[in-house]
Amino acid sequence: MPNNSGVSFYSTTPIFYVNDAPHIGHAYTEVATDVLTRWHRQRGENAFMLTGTDEHGEKILRTAAANDTSPKEWADKLVAEAWLPLLDTIDIDNQDFIRTTEPRHEVNVQKFLQRLYDTGFIYRGEYEGNYCVGCEEYKTENDLLPGEGQFEGQDVCAIHSKPVEKLAETNYFFKLSEFQQKLLDFYEANPKFVQPESARNEVISFVRRGLDDLSISRSKEKFDWGIDIPWDDSHITYVWFDALLNYITAIGYGSDEPELKARFEQLWPASVQVVGKDILRFHAVIWPAMLMAADLPPAKRVFGHGWLLVGGEKMSKSKLTGIAPSQITDTFGSDAFRYYFMKAIAFGQDGSFSWEDLSARYQAELANGFGNLASRALAMVNKYFEGVVPAAGALTEIDQQVVAVAAKAVADADAAIEEIAIQDALNAIWTLVDELNNYITVTEPWVLAKDEANRERLATVMYVITEGLRVLSILLAPVIPKATAKLWSALALDSLGALSNQTIASAGVWGGIKSGSKLGALEPLFPRIEQE
Ligand code: MSP
């Protein structure tokens with residue numbers, strides 16, 4: 001990985017429950033985080049992306065039991081057969097994958113707990129209330145609805161529509177209530193900590209209403225699939241308290257190994273923690289308070305993105321609206337999957353998935369807009385200059401305009417990524433796609449080719465187009481890494497190094513493609529898809 005700047009970029013996704021296989025909602029979070037991380041790597045930063053699986057708790061235990069197996073065997077199977085393959089399916093370049101059943105996690109969760117216990121942030125108390133296993137969350141009366149049908153007469157969770165458990169047990173509590181003012185001060189001092197703005201407002205008003213202490217253990221009398229409380233082995237750790245710590249255990253928190261200690265120093269606090277808005281409070285309220293209690297800084301940013309909706313409702317496996325990512329990639333490929341979700345939905349807002357919209361954008365934007373541009377450009381250089389990039393003559397006004405649009409696209413896209421506005425970044429990049437298509441229409445290279453007197457002008461036009469494609473390859477690499485790598489090779493640019501090693505800054509410097517280089521062949525980047 002290029003690491004010229006000495007700057008580190010550490011990104012995380014939520015760790016996903018292994019009770020079921022991934023759907024496109026999980027893949028959406030992965031892709032967005034991967035796009036941001038790849039972009040920062042191309043800025044020359046030392047970029048590290050973490051993802052993984054959340055394997056403890058009652059929900060996983062019940063799923064395993066329903067499948068006549070142990071929770072660990074169930075988790076092993078789901079990780080191997082579903083969650084790791086997902087990363088290939090959608091082309092994720094993560095640097096680590098953490099499972100909460102790994103010793104590196106369990107041991108250091110215990111160290112963290114012990115520290116908070118020793119410093120008085122954890123105490124023993126009585127818990128009485130409701131628990132939703134689907135959410136793995138303690139519920140207040142406001143979170144419940146009267147049950148209907150088979151659950152008539154019972155209280156059900158408003159999200160899962162299933163009865164909650166009535167709990168009355170001795171638990172350990174984390175003094176979350178002590179952190180109300182500290183959190184409010186922190187949000188105030190760090191206006192970009194929670195993003196987007198709507199998420200920030202939601203979090204601040206939640207914290208202003210006051211915080212209750214949080215039960216962080218469950219008695220083993222009920223179930224025992226979790227990490228033992230280090231000073232009391234009749235209790236296991238609450239699954240969310242366990243899960244949130246993955247973000248630091250994975251990068252070396254608690255380790256004595258010099259290499260891991262150095263990694264932790266280098267990467268924490270995380271640059272951005274990407275989560276769905278369903279779990280924003282855990283990440284923007286409980287998690288920073290846990291870190292403050294341990295004298296560690298909270299992450300720099302938590303971004304709560306919107307939901308993929310199907311039929312107007314949050315897509316979910318439990319409501320049988322889940323779509324497997326491979327259903328899309330088998331037909332359209334991983335690049336189109338990545339591009340579609342980043343381009344069609346403003347990151348931070350909800351968005352509806354539809355096959356019609358996906359097909360239409362694939363055809364209009366990827367196949368016609370970008371793919372054809374590349375094929376036509378290479379075909380013309382082959383036809384008019386035997387495949388060799390010609391030297392440009394003096395640039396005219398219209399050529400200079402392409403140079404200016406390219407420079408602006410680089411600057412605007414980079415600024416948008418800084419704001420985690422991925423859709424805006426793509427829109428900025430697309431100004432160059434449109435500009436180049438327009439440039440071909442206006443310059444009419446096929447007309448220039450008819451007269452030998454225009455030879456130099458034709459050479460300049462070909463140079464401008466191929467150089468424009470170099471810039472596009474670099475800018476689009478984080479989103480559509482496969483297609484851009486093919487284009488990079490076809491443009492004979494491998495001599496500059498792998499595409500993923502090209503910096504965003506280098507995209508903004510006109511003249512990177514060398515005249516005299518012999519272009520290679522290019523298969524269609526986004527082939528036509530036959531309608532079924
Ligand atoms: N295990 C917890 C997270 C622990 S993190 C310390 C969990 N897991 S989950 O498997 O339920 O994943 C929830 C996450 O999946 C959401 O926050 C979001 O990132 C993603 N999504 C699940 N359904 C989604 C949609 N319908 N739309 C968009 N993202 C979705 O919660």
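Quick rundown of the values:
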{"read-out": "Helix runs (DSSP H) in the chain reaching 15 Å along axis by Cα, Kyte-Doolittle at least -1.0", "value": "24-42, 197-208, 325-344, 372-385, 397-418, 422-443, 455-476"}
{"read-out": "Loop-located chymotrypsin sites (Phe, Trp or Tyr not before Pro) in the range 236-329, at most 13 other Cβ atoms within 10 Å (DSSP)", "value": "none"}
{"read-out": "Solvent-accessible area per residue for the chain (1.4 angstrom probe, square angstrom)", "value": "41"}
{"read-out": "Radius, Kirkwood style, for the range 1-101 when every pair of distinct Cα atoms is counted (Å)", "value": "14.4"}
{"read-out": "Alpha carbon convex hull of the chain, volume per residue in cubic angstrom", "value": "160"}
{"read-out": "Magnitude of the charge dipole, the range 253-348, Cβ model with Lys/Arg +1 and Asp/Glu -1, debye to 20", "value": "460"}
{"read-out": "Point-charge dipole on Cβ atoms (K/R +1, D/E -1) for the chain, about Cα centre, debye to 20", "value": "1180"}
{"read-out": "Under 28 Å from the Cα of LYS518 - lysines, other chains or at least 8 residues apart", "value": "LYS383, LYS450, LYS482, LYS486"}
{"read-out": "Reciprocal mean inverse distance between Cα atoms of the range 195-266 - Kirkwood radius, Å", "value": "15.2"}
{"read-out": "Expected-Rg normalisation [2.2 N^0.38 Å, Cα atoms] applied to the range 410-513", "value": "1.17"}
{"read-out": "Mean separation of Cα contacts under 8 Å, 6 or more apart, over the residue count of the range 13-126: relative contact order %", "value": "33"}
{"read-out": "FRET E, pair SER354, TRP231, Förster distance 41 Å, beta-carbon r, rounded to 0.05", "value": "0.20"}
{"read-out": "Debye intensity ratio in log₁₀ form over the Cα atoms of the range 224-348, taken at each q of 0.14, 0.16, 0.17 Å⁻¹", "value": "-0.87, -1.02, -1.07"}
{"read-out": "Percentage of interatomic Cα-Cα distances in the range 380-424 larger than 13 Å", "value": "69"}
{"read-out": "The chain, accessible surface, carbon-and-sulfur percent (1.4 angstrom probe)", "value": "50"}
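The values are calculated or read from the model by the stated rules, or taken from the named source; none is laboratory data. A quick note: this is a predicted structure, and the numbers were derived from the prediction, not measured. Every residue, glycine among them, receives a Cβ derived from its backbone with ideal geometry; neighbour counts consider all protein chains shown. We work out accessible area using only protein heavy atoms, side chains counted, and drop any ligands, DNA or RNA first. Shrake-Rupley method; radii C 1.70, N 1.55, O 1.52, S 1.80 Å.
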